[in-house]
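A short worksheet on the structure shown next.
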Amino acid sequence: MIARWFHRRGWSDMVIGLPYVWLLIFFLIPFLIVVGMSFATRTSTAPPFGFGGENPLINLTGYARLFTDTLYIRAFVTSLTNAAGAMVLCLLIGYPMALGLTRVDRGWRNILLMLVILPFWTSFLLRVYAWMGLMGSNSWFNKLLTGAWNWVVPQAWDVANVPLMHSNFAVVLVMVYTYLPFMILPLYANLERLDPTLDEAAMDLGSRPFAVFRDVTLPQSIPGIIAGGMLVFIPAAGELVIPTLVGDSSSPMIGRVISDEFSSARDWPMASAVAVALLILMVGPMMVYSRFEARAQARERSE
Amino acid sequence: MKRSNTFLLTLLGFGFAFFYVPILSMIVYSFNGSRLATVWGGFSTKWYATLLSNTQVGKALWLSLEIALLSSTIATILGTMAGIALARFTKFRGRTLFSGLVTAPLVMPEVITGISSLIFFILIAQYVGWPSSRGFTTVTLAHITFSMVFVTTIVQSRMLSADRAIEEAAMDLGARPWQVLRDVTLPVIAPAILSGWLLAFTISMDDVVITNFTTGPGTTTLPILIWSKVKLGVTPDINALATLIVLTVGLCVLAAGVMMSRAERRAERDRRMAYRTNE
């Protein structure tokens, strides 16, 4: 009896149902709770929220504060500019690296690719930590930079050390460092598939190398640029660890604001409202990314 | 062509320097004799001795391994099921929601996943009475949830690129759908399942943000231990710990890479042999 049920539809129901129910309970419901929480009113009870008082059920003061309190506006601006900066720098560094990887001969290429992926497998936290060691005012790296700076600029601008730590620049630098593989790998996958005979044809027709790059390679690599860009931008905008460790605490990023509202201020409705606002901002980039991903997958299947 | 290649290869060299100089600097400074983490004070291995005598680190590492083993195994089972479901069952009720649920955790900022899991656990503890305290169980549940979708992505793309003709042949020979899955599909996607498990394991071992929100007093994983120390600044014993972790992971990845490329070459040779005998 059970065996017959299992063979007819039981196994397929199980294969679909188990992960479905799991994600409903442990992902969708918590997420819906956060969305609901963003309309709640903060109270001094435990847990610190309720749906009553002056604004029963739907309380929009959290969302109103997003547009009036400069803390949130500044946090959103800082997050978006830092993430955009990291994305652009990753592209500028990652593109030549990905293109360079396609010009290395096969045997070396696999080793170099592994060297790109290797930092990704080691601890994220420790990669951030490695930069904390480099950026501190007493480190050899900072002394090197200070020396170079003092040598270049007029004496009046001399500094004792370059203030690297606890700045937005440090945040962008470390984000570039930790997310660079996310840019290189999709770009490499894209550039590797390009037909080298097109380059040669352009060359034979008299194009200079840079013109070949601009007119032939670059237009064909736009899907890779978008995939890599979104893979850097999306996690960078919501980053919490990097700004906490190397960032400027007087101009926090949005991840830090959410975490502080939740833990230190114990204002769950406000933390939820900020989280929902962040998600709404990220929907655009996410949709661009998933559209290009779907198209790339469809192309792969058709090949 | 030649000149532009030299230019690109130089940039590639600088890029790799950017990747590895910070890590190498950290490794060198783990052998620093000075108490000040960034000022060189002669060669010494005393921080490794300090580290080894610290029982906290060992305990945290053990806890991390337990959570990672348990969560990645369950995540692999659930994630593989979801991958098979999405790749093979094109029509079932709620498929759109399901595929959304599988993609959303991939792009969801970790802070939001962390906070929503924490609120969820607090509320069900309040109204259902379970889990009575946050710790091992809640961390493992959260890890399963956000790492299973990575397994799904890998398994699904392998399923989509796999040759369906073999499955159809098995079906024509009278195998039931369940038997086809067990005897044909699963062996074909086994490498994808293995890499999914490895990824889920690494994600769990590495996670700070979500663990930080879902853990409770007394449950300190290795990343949480490092996180609480690193927030206070650079210390030589963390340099030593980081060196050990980076070297261990690096050697494992290198070994896995070499083994995989060898297996690939062997498969390639077998395929060529098979074609030749067929001719």
Next item on the list: Return the long-range amide H neighbours of A:F49 (sequence gap of 5 or more, or a different chain), with a cut-off of under 5 Å between placed amide H atoms.
Entry: A:T43
Margin query: Looking at chain B as a GNM with Cα springs under 10 Å, which of B:S132, B:S34, B:S116 has the largest mean-square fluctuation?
Written below: B:S132
Item checked: Residue exposure sequence - A:S12, A:S263 - by fewest surrounding Cβ within 10 Å -> A:S263, A:S12
Check: Fully extended, how many nm does the chain gain between B:A165 and B:N5 (0.36 nm per residue separation, minus their Cα-Cα distance)?
Finding: 53.2 nm
Item checked: Reachable aspartates and glutamates, given that their alpha-carbon falls under 13 Å from the alpha-carbon of B:K91 and they are not under 8 places away in the same chain -> A:D13
Next item on the list: Work out from phi, with θ = phi - 60° and the Karplus expression 6.51 cos²θ - 1.76 cosθ + 1.60, the ³J(HN,Hα) of each residue of the range A:43-57, listed in order in whole Hz, and give x for Gly and Pro.
Entry: 10, 9, 7, 10, x, x, 7, x, 10, x, x, 5, 10, x, 6
Item checked: Simple label model, 7 Å out from Cα along Cβ direction - A:E192 to B:F92, nm -> 3.3 nm
Notebook entry, point to check: Given charges of +1 on the Cβ of Lys and Arg and -1 on the Cβ of Asp and Glu, with all other atoms neutral, how large is the dipole of the range A:162-303 about its Cα centre, in debye to the nearest 20?
Noted result: 220 debye
Notebook entry, point to check: So how do A:L164, B:L232, A:L218 line up by other beta-carbon neighbours within 10 Å, fewest first?
Noted result: B:L232, A:L218, A:L164
Next item on the list: Please list, in chain and number order, the residues 5+ apart from A:S167 or on another chain whose amide H is under 5 Å from its amide H, with Hs placed from the backbone.
Entry: A:D248
Margin query: I'd like the distance separating the alpha-carbon centroids of the range A:200-233 and the range A:1-38, in whole Å.
Written below: 44 Å
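How would A:S44, B:S204, B:S157 line up from fewest to most surrounding beta-carbon atoms within 10 angstrom? Each step should come with its number before you reach the end.
Details: A:S44 7, B:S204 28, B:S157 16.
Going from least to most buried by this count: A:S44, B:S157, B:S204.
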Checklist line | Derived scalar couplings ³J(HN,Hα) [the range B:256-267; Karplus, 6.51 cos²θ - 1.76 cosθ + 1.60; whole Hz; x for Gly, Pro] | finding: 4, x, 4, 4, 5, 5, 5, 4, 5, 4, 5, 4
Note to self: Straight-line reach from B:K231: which aspartates and glutamates fall under 14 Å, measuring Cα to Cα and dropping same-chain residues less than 8 apart?
What the structure shows: A:D248
Check: Mind checking the mean number of beta-carbon atoms from other chains within 10 Å of the Cβ atoms in B:97-110?
Finding: 6
Item checked: Computed helical MRE - 222 nm, chain B, DSSP H runs ≥ 4 contributing -39500 (n - 2.57), nearest 500 -> -26500 deg cm²/dmol
Item checked: Residue among B:T138, B:T90, B:T76 with the largest mean-square fluctuation in a Gaussian network model of chain B, springs linking Cα atoms under 10 Å -> B:T90
Notebook entry, point to check: How far is it, in nm, from the label point at B:S53 to the one at B:W130 when both lie 7 Å from their Cα along the line to the Cβ?
Noted result: 4.5 nm
Check: Going toward the positive end of the dipole of the range B:56-240, with +1 on Lys and Arg Cβ and -1 on Asp and Glu Cβ, which of B:M108, B:Q179, B:Y127 do you reach last?
Finding: B:Y127
Check: Using alpha carbon centroids, what distance separates the range B:163-212 and the range B:62-112, in Å?
Finding: 13 Å
Next item on the list: Read phi for every residue in the range A:58-69 and hand back ³J(HN,Hα) as whole Hz from Karplus 6.51 cos²θ - 1.76 cosθ + 1.60, θ = phi - 60°, with x for Gly and Pro.
Entry: 10, 10, 9, 4, x, 5, 5, 5, 4, 9, 10, 7
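Give, rounded to the nearest 20 debye, the magnitude of the charge dipole that the range B:56-240 has about its Cα centre when Lys and Arg contribute +1 at Cβ and Asp and Glu contribute -1 at Cβ.
Once rounded to the nearest 20, the dipole reads 360 debye.
What does the average come to when, for each residue of peptide A:98-109, you count the partner chain Cβ atoms lying within 10 Å of its Cβ? Kindly include the intermediate steps, with their values, before the conclusion.
Working: counts 3, 5, 10, 4, 1, 7, 4, 0, 0, 0, 0, 0.
Mean shielding by partner chains, rounded to a whole number: 3.
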Next item on the list: Taking only Cα atoms and a 10 Å spring cutoff, compute GNM fluctuations for chain B and point out the largest among B:R265, B:R93, B:R134.
Entry: B:R265
Check: lysines within cross-link reach of B:K46: Cα-Cα under 21 Å, excluding same-chain residues under 8 positions apart?
Finding: B:K59, B:K229
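Readers should treat all values here as calculations from the given coordinates under stated rules, not as data from a laboratory. In this text the structure is predicted, and so the values were computed from the model without any measurement. Please note: Cβ atoms are built from the backbone with ideal geometry, for glycine as well, and neighbour counts cover all protein chains shown.
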